[in-house]
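This report refers to the structure that appears directly beneath it.
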Amino acid sequence: MFEYPRDWIVRGDEDSIKFRDAEPPDDMVVLAFSYMRVAPVVAECVSLLYLVTHVTEKGGRRRKIEGWDEPREMRRIDVEIAWRQGYYFEKTHKRTAVTRYGLGRRGSVQALLTMDFLEEDLDRFGPVWDAVLESLQLDEWIPNLSRGPLLA
């Protein structure tokens, strides 16, 4: 669970939940979220910073990444996060685009977050990414999904 703009469109597909600022093809940003459970030994032995670095340098994404910034790490009391920003040529708009690849983990739950948008929209969508990471909550029981977690 995390915060995102109220007016964004949310749709699930076969491998993730996607958040968009508009219906395709008019969307200018796509944020994708998926998660998996990992064995506790994996969480203890393999850092997210290592995973993010390894996966982004290995490649395998649908597009050719021109370059990656240095990976970043965030730690909160209960959540570990690592992410990295890369750049690619977006063919539809014929401009440079930004891709962000992040992993978050708490306990045995590991989340994958990705976000893609045009580089010229960094000031617009960068703060959304920051808010998602700051508000990311994993491995929490929510008794009523329509209301979200209750404050004590």
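Restricting attention to the range 43-62, does a residue exist that is farther than 16 Å from Ala32 by Cα, in a helix (DSSP H, G or I) and either in contact with a helix residue (DSSP H, G or I) (Cβ under 7 Å, 6 or more places away or on another chain) or aromatic (Phe, Trp, Tyr) (or both)?
Looking through the range 43-62, at least one residue is farther than 16 Å from Ala32 by Cα, in a helix (DSSP H, G or I) and either in contact with a helix residue (DSSP H, G or I) (Cβ under 7 Å, 6 or more places away or on another chain) or aromatic (Phe, Trp, Tyr) (or both).
Scan the range 82-132 for residues that are modelled with pLDDT under 95, part of a strand (DSSP E or B) and either touching a Pro at 6+ places or on another chain (Cβ under 8 Å) or of a type in the set (Asp, Glu) (or both) and jot them down.
Selection gives Glu90 alone.
I need the full set of residues from the range 83-108 which are surrounded by fewer than 17 Cβ atoms within 10 Å (Cβ to Cβ) and either closer than 21 Å to Ser34 by Cβ or among the small types (Gly, Ala, Ser) (or both), in order please.
If the condition is that a residue be surrounded by fewer than 17 Cβ atoms within 10 Å (Cβ to Cβ) and either closer than 21 Å to Ser34 by Cβ or among the small types (Gly, Ala, Ser) (or both), then Gly107, Ser108 are the ones that fit.
Going by the structure shown, is Met74 buried (at least 17 other Cβ atoms within 10 Å of the Cβ) and assigned to a strand (DSSP E or B)? Talk me through it step by step, then tell me what you get.
On the way: buried (at least 17 other Cβ atoms within 10 Å of the Cβ): no; assigned to a strand (DSSP E or B): yes.
Taking the combined requirement at face value, the residue does not satisfy it.
Determine the pairs where a residue that is in a strand (DSSP E or B), located within the range 22-42, has a partner that is exposed (fewer than 13 other Cβ atoms within 10 Å of the Cβ) with Cβ atoms under 9 Å apart, the partner being 6 or more residues away or on another chain.
Here the result reads Val29/Ala22; Val30/Pro24; Ala32/Asp13; Ala32/Asp15; Ser34/Asp15, each pair linking the range 22-42 to a residue that is exposed (fewer than 13 other Cβ atoms within 10 Å of the Cβ).
Can you say whether Val52 is in contact with a strand residue (DSSP E or B) (Cβ under 6 Å, 6 or more places away or on another chain), under 21 Å from Leu133 (Cβ atoms), crowded, with 16+ Cβ neighbours inside 10 Å and hydrophobic (A, V, I, L, M, F, W, C), as far as the supplied structure shows?
Yes, satisfied.
Looking only at the range 25-47, how many residues end up being modelled with pLDDT of 95 or more and hydrophobic (A, V, I, L, M, F, W, C)?
Summing the residues that are modelled with pLDDT of 95 or more and hydrophobic (A, V, I, L, M, F, W, C) in the range 25-47 gives 6.
The values are calculated or read from the model by the stated rules, or taken from the named source; none is laboratory data. Remember, predicted model here, so these are calculated numbers, not experimental data. Note that we place each Cβ from the backbone using ideal geometry, even for glycine, and neighbour counts take in every protein chain shown.
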